[in-house]
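The values are calculated or read from the model by the stated rules, or taken from the named source; none is laboratory data. Remember, it's a predicted structure, so these values are computed and weren't measured experimentally. Cβ placement follows ideal geometry from the backbone for every residue including glycine, while neighbour counts extend to all protein chains displayed.
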Amino acid sequence: MYHLCGHQIRRDLIEKKFSCKDLAEYFIKRAKSTNKKTGAFLHFTEQLAINQSKLIDEKIQKKLPLPPLAGIPISIKDNICISRYPLTCASKFLIDHIAPFSACCIKFLTEAGALIIGKTNLDEFAMGSSTEFSAFHSTKNPWDLSCSPGGSSGGSAASISSRACLLSLGSDTGGSIRQPASFNGILGLKPSSSKISRYGLVALAGSLDQIGPFASCAEDLALLYDAIAKPSDKDLLTLLSNHKSSHPFLKNSLKGKKIAVPWSFFESLNQDVKDNFSKMLNHLKGVGCEIYEIELHELAHSIAIYNVITSIEAFFNLAKFNGLVYGRRSKKGENLDELYSLSRGAGFGIEVKQRLILGSHLLCSQKGNHYIEKAQILRKTLASKFHQVFQQFDLIATPTTPSSAFKLKEVSEPNERYLQDLFTISANLTQSAAISIPSGFCKKGLPLGFHLIGNSSSEPLLLSFAFALEKITNSDKFIPKLFDMEIYDE
């Protein structure tokens, strides 16, 4: 069953080719088995999936209509709350923490009939681009176990790439959905800021964070997006947004769509990635799209703007993790200051500490105020430039990442890690919608991604591009050889 897409699973359930309970047990078993190689999961929610499967089987038996995600196995990044299940954010600080409530997206998934089989690994508190900064273990890329699956949602992406499940939810602050999607040869969507409620997501940087879906095929991605992109009384932005179903637009013609390409930004790009990118643009020309070259010099400032904003917002968002209410409390502190310092010192990893120190420095130093003000001005300038571009063009195209997946422990310098998000950060800074689409492989046999950025509320258009390109590249059939088989526990 692992080679099926989610919408095919739902169809086969209706035709009674297998029971939903059998389906749940199959994917839980497969997930536990593949996890020994990938380390994609931190916890399994077996009973939750079995209970949901029984409800679906009852509906089938009574011949009731099935919800849109009925029986489709899904994994959830472990910074999203599921009531009465662990919520660790891959940090020692929250190693024993149990979520007291469920995120809005989890409520919507349950209503849609999805089978939640487990919580996936991530870089601690979503700070990283390789899933090596988890306090528990690194996750490995199913295409090459010596390589990174990307981050911070690397566990979610690897769980689909290894076909431990068919759908997943991650979070994206600067590319944390799209970069892992590219490294794993799957689809990853970063929605507009008002479409999916962030209630129940542990915040890194509130003005940039977004929950978003992963899938192996475009139709599944559209079904998952539609299931969770709903208004919620827990999130005012979603109440103000116009929620339109994307699934009916999947097969729309792309003829005449205008694609803007900032070619000058790719001068030093890896030739393998550049050739792959050009090939995808030719595919778009073949379906009637028009390609235009534009200048986007403002993109050069994206990483600097991002680092200033995320460090400051993370400093405020993680202030509550002090050993008093959340997380583990040090037993050595003799006063409040010592309690805070010792609890955080023992609980936080190196990447989190570095970003919090930078945030503290920026807020406290005189020079820091200068950087903060400049970052906000440049962010507004970038948003204004994007607005101008979208007045003339439908989408902006770039590669998703500057390279294919790198070796674990290969990228150690912070600046090198931040460059992984070179092409993705701008969508978060401008609160645009964006998607990574599988685009083939580099000479080493590792997946590459094609990145499209659209205006706010352009998700249906982005998904229609994903659907059209999938028919050309057959990317929904991409499965790593190591996992293209039935896998059982020994």
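Total residues in the range 465-480 satisfying the condition of being assigned to a helix (DSSP H, G or I) and either acidic (Asp, Glu) or under 21 Å from Pro142 (Cβ atoms) (or both): the figure is 6. For the residues Ala157, Ala164, Ala205, the requirement of being in a loop (DSSP other than H, G, I, E, B) and within 19 Å of Leu42 (Cβ to Cβ) singles out Ala164.
Could you list, in sequence order, all residues of the range 132-142 that are surrounded by 24 or more Cβ atoms within 10 Å (Cβ to Cβ) and within 10 Å of Thr38 (Cα to Cα)? Within the range 132-142, Thr139, Asn141, Pro142 qualify. Scanning the range 374-422 for residues that are of a type in the set (S, T, N, Q), farther than 28 Å from Lys257 by Cβ and assigned to a helix (DSSP H, G or I) turns up Gln376, Asn415, Gln420.
Consider the range 60-86 and keep the residues that are surrounded by fewer than 21 Cβ atoms within 10 Å (Cβ to Cβ) and touching a residue at least 12 places away in the same chain (Cβ under 8 Å). The one that is nearest to Tyr26 (Cα to Cα) is Ile60. Scanning the range 10-65 for residues that are in contact with a Gly (Cβ under 6 Å, 6 or more places away or on another chain) and either on the phi > 0 side of the Ramachandran plot or assigned to a loop (DSSP other than H, G, I, E, B) (or both) returns Ala40, Thr45. In the range 107-128, the residues that are farther than 15 Å from Ser168 by Cβ form Cβ pairs under 6 Å with partners that are of a type in the set (Asp, Glu) and surrounded by fewer than 24 Cβ atoms within 10 Å (Cβ to Cβ), at six or more places apart or across chains, as follows: Met127/Glu351; Gly128/Glu351. Residue count for the range 174-192, restricted to those that are buried (at least 24 other Cβ atoms within 10 Å of the Cβ), over 9 Å from the mean Cα position of the chain (by Cα) and in a loop (DSSP other than H, G, I, E, B): 4.
Scanning the range 434-490 for residues that are among the aromatic types (Phe, Trp, Tyr), at pLDDT 95 or above and in contact with a helix residue (DSSP H, G or I) (Cβ under 7 Å, 6 or more places away or on another chain) returns Phe450, Phe467, Phe483. Among the residues making up the range 72-119, a single one is assigned to a loop (DSSP other than H, G, I, E, B) and in contact with a Lys or Arg (Cβ under 6 Å, 6 or more places away or on another chain): Asp78.
The set of residues in the range 233-270 being part of a loop (DSSP other than H, G, I, E, B), over 24 Å from the mean Cα position of the chain (by Cα) and among the small types (Gly, Ala, Ser) consists of Ser253, Gly256, Ser268. Reported count of residues in the range 87-125, each being out of contact with any Pro (no Cβ under 9 Å at 6 or more places or on another chain), of a type in the set (Lys, Arg) and over 20 Å from Cys20 (Cα atoms), is 1. Number of residues in the range 303-329 that are more than 18 Å from Asn79 (Cβ to Cβ) and not in a helix (DSSP H, G or I) equals 4. Comparison of Asn276, Asn282 shows that the only residue that is buried (at least 17 other Cβ atoms within 10 Å of the Cβ) and in a helix (DSSP H, G or I) is Asn276. For the range 424-432, does any single residue satisfy the condition of being under 25 Å from Arg355 (Cβ atoms), at pLDDT 95 or above, touching a His at 6+ places or on another chain (Cβ under 9 Å) and small (Gly, Ala, Ser)? Checking the range 424-432: at least one residue is under 25 Å from Arg355 (Cβ atoms), at pLDDT 95 or above, touching a His at 6+ places or on another chain (Cβ under 9 Å) and small (Gly, Ala, Ser).
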